[in-house]
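Everything on this sheet refers to the single structure shown next.
The values are calculated or read from the model by the stated rules, or taken from the named source; none is laboratory data. Quantities reported herein were computed from a predicted structural model and do not represent experimental measurements. Glycine gets a Cβ as well: all are built from the backbone with ideal geometry, and neighbour counts include every protein chain shown.
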Amino acid sequence: MKKLLVALVGLSLFVASCGDDDATSTTTAAPATTTTAAPATTAAPTTTVPPTTTTVGALADIVLAEFAFTPDTVEASAGAELTANVTNEGSFPHSWTVLTAGTTVTTADEVTDDVIVAGTDNLAAGESATLTFTVREAGSYQIVCRIPGHIEAGMVGTLDVTG
């Protein structure tokens with residue numbers, strides 16, 4: 001029981017430290033639920049999600065889960081206004097962040113404000129956000145989850161902009 005209490009306090013501090021006050025998205029909270037924490041020695045479950053690609057002119061529905069984006073590749077035309085409806089269907093907080101063309105990061109601490117094109121706040125399990133932005137230049141843009149450890153777990157994608 002003491003280990004469970006220590007794990008819950010640690011998890012609460014971790015989640016509280018992941019907030020982002022500079023986000024430009026709209027977040028909708030999920031209904032309150034009751035969860036039971038696993039023992040501290042239990043690894044987080046992972047989900048294998050097959051790669052997918054969505055071509056958008058204006059709208060993309062993005063699903064976040066452990067530890068993947070669906071779709072993991074979004075294709076768009078330069079200059080088009082993009083709206084991403086992002087939903088966290090996972091059990092842990094996640095974010096969806098588009099980085100500048102040519103930027104590749106391998107850890108969350110490499111994601112700084114100067115390399116972010118657009119992104120959501122950290123979304124708790126069940127939360128959603130709508131994000132609207134325009135990418136003016138063609139190129140390949142890395143998409144990442146900014147929660148520490150999630151990039152390393154494979155939570156990355158690509159926005160391919162043509163023309």
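Can you name the residue in the stretch 115-139 that is under 20 Å from residue 160 (Cα atoms) and among the charged types (D, E, K, R) and is also surrounded by the most Cβ atoms within 10 Å (Cβ to Cβ) among such residues? Explain how you work it out, then say what you get.
Step one: filter the stretch 115-139 for residues under 20 Å from residue 160 (Cα atoms), giving 115-120, 130-139.
Checking the rest, the ones that are also among the charged types (D, E, K, R) come to 136-137.
Details: 136: 9, 137: 11.
Among residues in the stretch 115-139 that are under 20 Å from residue 160 (Cα atoms) and among the charged types (D, E, K, R), the one surrounded by the most Cβ atoms within 10 Å (Cβ to Cβ) is 137.
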(request) For the stretch 151-163, name all the residues that are farther than 25 Å from residue 78 by Cβ and surrounded by fewer than 18 Cβ atoms within 10 Å (Cβ to Cβ). (result) 152, 153, 154
(request) Select from the stretch 140-150 the residues that are under 11 Å from residue 99 (Cβ atoms) and of a type in the set (A, V, I, L, M, F, W, C) and write down the one among them that is surrounded by the most Cβ atoms within 10 Å (Cβ to Cβ). (result) 144
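Suppose the filter is modelled with pLDDT of 95 or more and in contact with a Pro (Cβ under 7 Å, 6 or more places away or on another chain); does residue 99 pass it? So that I can check it myself, show each step before the final result.
Details: modelled with pLDDT of 95 or more: yes; in contact with a Pro (Cβ under 7 Å, 6 or more places away or on another chain): no.
It is false that residue 99 is modelled with pLDDT of 95 or more and in contact with a Pro (Cβ under 7 Å, 6 or more places away or on another chain).
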(message) Of everything in the stretch 71-119, what is β-branched (Val, Ile, Thr), farther than 13 Å from residue 155 by Cβ, in a loop (DSSP other than H, G, I, E, B) and in contact with a strand residue (DSSP E or B) (Cβ under 9 Å, 6 or more places away or on another chain)? Give them in sequence order.
(response) 100, 103, 104
(request) Report whether or not residue 44 is within 18 Å of residue 150 (Cα to Cα), in a loop (DSSP other than H, G, I, E, B), at pLDDT below 95 and of a type in the set (Gly, Ala, Ser). (result) yes
